[in-house]
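Engineer: Attaching a single structure in structure tokens format; questions to follow.
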Amino acid sequence: MPDSKQIESELKTYKDQLDKQLEIKVKEFREKYDSYEKGASMMTEVIRADKEKELQDLKGQIEAFQKNAESSLQEKQQKLMKPVLEKIQKAIDEVAAENGFTYILSSDGAMGQVPIILYGPDNLNISDLVLKKMGVTPPSEQKAITPSSSTETKPAAPAPSNGVGIKDKKPIPTPKPLKKK
């Protein structure tokens with residue numbers, strides 16, 4: 001679908017902005033952590049405890065930012081996908097009405113779930129009719145038009161994000177109190 005490329009682009013841009021903000025926060029934490037480790041042996045107990053609390057607070061802020069950014073990214077994806085999903089639903093409704101269908105069932109496993117329809121005759125699959133109603137050339141017709149093209153088809157909707165700064169960043173170290181001498 002033509003809309004999917006724009007949605008993917010907008011989501012990527014938004015995720016990149018959030019990742020950049022996260023990188024700034026992590027860099028600040030690491031600099032303060034390195035400074036703490038270098039000078040910890042010369043700090044008094046009060047100053048050391050204050051620096052450790054500051055580092056713990058920064059770590060908490062980073063974790064909260066990651067959580068909020070993930071939620072924000074999901075909300076943005078839902079907001080961008082809403083008109084596309086409404087357009088798809090409208091096309092499904094029109095195809096169902098035009099062809100006298102009482103029910104239209106999904107045969108794909110949404111969000112990793114088991115499909116509702118495990119088997120059905122291909123002649124009852126209305127996916128191509130819905131795509132045509134939306135002005136999109138179905139993959140089956142694309143293969144017939146361009147036999148030398150790749151058999152791989154791109155998804156109509158953007159792939160779910162793995163989140164902002166999660167799993168692709170190094171873990172943030174936790175400062176350890178120095179032992180008393």
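Every read-out reported here was derived from the displayed coordinates using simple, explicitly stated rules and does not represent laboratory data. Predicted, not measured: the structure shown is a model, and the values here were computed from it. Counting neighbours? That spans all protein chains shown, and the Cβs are built from the backbone with ideal geometry, glycine included.
Engineer: Positive end of the dipole of the stretch 2-145, charges at C-beta (+1 Lys, Arg; -1 Asp, Glu), about the Cα centre: which of 58, 6, 99 has its Cα farthest in that direction?
Structural biologist: Going by the Cα projections, it comes out as 58.
Engineer: Could you please report the charge total around residue 73, scoring K, R as +1 and D, E as -1 over all other residues with beta-carbon less than 12 angstrom from its beta-carbon?
Structural biologist: Overall, the nearby charge balance is 0.
Engineer: How high is the FRET efficiency between residue 98 and residue 10 when r is their beta carbon distance and R₀ equals 25 Å, given to the nearest 0.05?
Structural biologist: After rounding, the FRET efficiency stands at 0.15.
Engineer: Next up: What's the long-distance tail for the stretch 2-145, i.e. % of Cα pairs beyond 21 Å?
Structural biologist: Across the stretch 2-145, Cα pairs with separations above 21 Å total 66 percent.
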